[in-house]
Amino acid sequence: MGLFDGKKGLVLGVANDRSIAWAIAKTIMDEGGEIGFTHLPDRPDDEKQKNRRRVTKCTDQYPEQTKFVVPMNVQDDEDIAAVMEKAKQEFGEIDFLLHSIAFADRDDLSRDTVETSREGFKMAMEISAYSLIAVANAAKDIIKENGSIATMTYFGGEKCVPGYNVMGICKAALEAAVRYLAYDFGPRGIKVNALSAGPLKTLAGSAAGVGEMLTMYQDIAPLCRNITHDEVGRSGAFLLSDFSNGITGEVLHIDGGYNAMGSPGRLLDKVRQLQAENQ
Ligand code: NAP
């Protein structure tokens, strides 16, 4: 008997097999759940449908449990409505909704935060923060009582993580949205939570400078290592399952304990050692 037997839901934000959304979806499907997926729409002249194919390369591994794969740009309300209509036709109601979507222009990510462009800020906020509100609102009539909504965030929304820049501001807004949505959905028993993951090599992660962060986390986090895709898959599935009933408006960290540190910890030992060697 699986944790998700008889459960149905939507997973938004699979780009490829390194995506956090795919790690979570795989765990859910391995536990018996059925899922409808979305992909960024392909350009009409793209006969190869590259965006769709990146996602179906993953979902084809689970033909029984993948119920549909449809296009959706979260900047388009009609796209969002069409996804919910498809979910209604296929499932009637859904038990869970995973939002695992973020985007900021590389130029804005690489600039000092003070130089963020107005248009870049609006776009990053719309795709990375407002979109949670938009999809939750569109799903509100099809999500079951006691269902679950989860999104993905990062520590750079709580504290300044140089390099994360405009995306840190988006994550702060996203985490605030989680708390307000938890209040709105609470009377129906629906949980709304965020999973704050440590760095992982993914498409979005590379754009946000994950490379350097991996070394830093290994040196500072109490567990002395980085987290794995499988671990994020299981914690995400936990937040979307009945096992997390009673938890809402929460930001759950899966980061080897990095967020609990108030000093660079064991990294200081390395610095001391280097200083001693150079004396
Ligand atoms: P990813 O595989 O690149 O996933 C990001 C997804 O967002 C992609 O599927 C992307 O689609 C989609 N997306 C971007 N703009 C969109 C739009 N306008 N409409 C619909 N979908 C759109 O990277 P990931 O690391 O798994 O990111 C998933 C979430 O985890 C993000 O919120 C990210 O900030 C968060 N997170 C990541 C890390 C990390 O270290 N990787 C750590 C903490 C939190 P396309 O690829 O087709 O554009």
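The values are calculated or read from the model by the stated rules, or taken from the named source; none is laboratory data. A quick note: this is a predicted structure, and the numbers were derived from the prediction, not measured. Cβ atoms come from the backbone with ideal geometry, glycine included; neighbour counts cover every protein chain shown. Ligands, DNA and RNA are excluded from the accessible area calculation, which covers all protein heavy atoms including side chains. Shrake-Rupley method; radii C 1.70, N 1.55, O 1.52, S 1.80 Å.
Please pick out the residue among 225, 188, 179 that is among the charged types (D, E, K, R) and farther than 23 Å from residue 131 by Cβ. Show your work before the answer.
Working: 188 fails: farther than 23 Å from residue 131 by Cβ; 179 fails: farther than 23 Å from residue 131 by Cβ.
From the options 225, 188, 179, the qualifying one is 225.
Any residue that is more than 14 Å from the ligand (Cβ to nearest atom), under 30 Å from residue 245 (Cβ atoms) and modelled with pLDDT of 95 or more - is there at least one of those in the range 169-178? Taking every residue of the range 169-178 in turn, at least one turns out to be more than 14 Å from the ligand (Cβ to nearest atom), under 30 Å from residue 245 (Cβ atoms) and modelled with pLDDT of 95 or more.
Among the candidates 45, 105, the residue that is over 29 Å from residue 239 (Cα atoms) and more than 16 Å from the ligand (Cβ to nearest atom) is uniquely 45. Of all the listed residues (32, 13), the sole one being at positive phi, modelled with pLDDT of 95 or more and touching a Ser or Thr at 6+ places or on another chain (Cβ under 8 Å) is 13.
Restricted to the range 225-274, and to residues there that are in contact (Cβ under 8 Å) with a residue 24 or more places away in the chain, of a type in the set (D, E, K, R) and in contact with a strand residue (DSSP E or B) (Cβ under 7 Å, 6 or more places away or on another chain), the residue that is most open to solvent (accessible area, probe 1.4 Å) is 250. Here residue 202 meets each of (1) over 23 Å from residue 260 (Cβ atoms); (2) modelled with pLDDT of 95 or more; (3) among the β-branched types (Val, Ile, Thr) with one exception, condition (2). Does residue 147 satisfy the criteria of being in contact with a Lys or Arg (Cβ under 7 Å, 6 or more places away or on another chain) and either within 15 Å of the ligand (Cβ to nearest atom) or not in a helix (DSSP H, G or I) (or both)? Spelling it out, it is not the case that residue 147 is in contact with a Lys or Arg (Cβ under 7 Å, 6 or more places away or on another chain) and either within 15 Å of the ligand (Cβ to nearest atom) or not in a helix (DSSP H, G or I) (or both).
The residues on offer are 95, 42, 79, and the sole one that is under 24 Å from residue 254 (Cβ atoms), open to solvent by less than 40 Å² (accessible area, probe 1.4 Å), in contact with a strand residue (DSSP E or B) (Cβ under 9 Å, 6 or more places away or on another chain) and of a type in the set (D, E, K, R) is 95. In the range 2-24, the residues that are over 18 Å from residue 201 (Cα atoms) and within 12 Å of the ligand (Cβ to nearest atom) form Cβ pairs under 9 Å with partners that are modelled with pLDDT of 95 or more and in a loop (DSSP other than H, G, I, E, B), at six or more places apart or across chains, as follows: 11/100; 12/72; 12/74; 12/100; 12/101.
Just one residue in the set 114, 135 is of a type outside the set (Asp, Glu) and without any contact (Cβ under 8 Å) to a residue 24 or more places away in the chain; that residue is 114.
For the range 165-199, the tally of residues that are under 16 Å from the mean Cα position of the chain (by Cα) and farther than 30 Å from residue 146 by Cβ stands at 4.
Residue by residue through the range 192-224, note down the ones that are hydrophobic (A, V, I, L, M, F, W, C), under 25 Å from residue 244 (Cβ atoms), open to solvent by less than 50 Å² (accessible area, probe 1.4 Å) and near the ligand (Cβ under 7 Å from one of its atoms). Outline the logic, then answer.
First pass over the range 192-224, keeping only residues hydrophobic (A, V, I, L, M, F, W, C): 192, 194-195, 197, 200, 203-204, 207-208, 210, 213-214, 216, 220-221, 223-224.
Imposing the further condition that a residue be under 25 Å from residue 244 (Cβ atoms) reduces the set to 192, 194-195, 197, 200, 204, 221, 223.
If we keep only those that are open to solvent by less than 50 Å² (accessible area, probe 1.4 Å) as well, we get 192, 194-195, 197, 200, 221.
Once the filter is applied, which keeps residues that are hydrophobic (A, V, I, L, M, F, W, C), under 25 Å from residue 244 (Cβ atoms), open to solvent by less than 50 Å² (accessible area, probe 1.4 Å) and near the ligand (Cβ under 7 Å from one of its atoms), the range 192-224 yields 197, 200.
Of the residues 78, 47, 64, the single one that is assigned to a loop (DSSP other than H, G, I, E, B) and either closer than 22 Å to residue 177 by Cα or modelled with pLDDT of 95 or more (or both) is 64. Whenever a residue of the range 194-210 is under 29 Å from residue 180 (Cβ atoms) and assigned to a loop (DSSP other than H, G, I, E, B), its partners that are of a type in the set (D, E, K, R) and within 7 Å of the ligand (Cβ to nearest atom), lying with C-beta atoms within less than 6 angstrom and at least six residues away or across chains, give the pairs 202/18. Return yes when residue 152 is under 22 Å from residue 81 (Cα atoms), near the ligand (Cβ under 8 Å from one of its atoms) and of a type in the set (A, V, I, L, M, F, W, C) and no when it is not. Spelling it out, residue 152 is indeed under 22 Å from residue 81 (Cα atoms), near the ligand (Cβ under 8 Å from one of its atoms) and of a type in the set (A, V, I, L, M, F, W, C). For the range 95-143, residues that are touching a Ser or Thr at 6+ places or on another chain (Cβ under 7 Å) and assigned to a helix (DSSP H, G or I) total 2.
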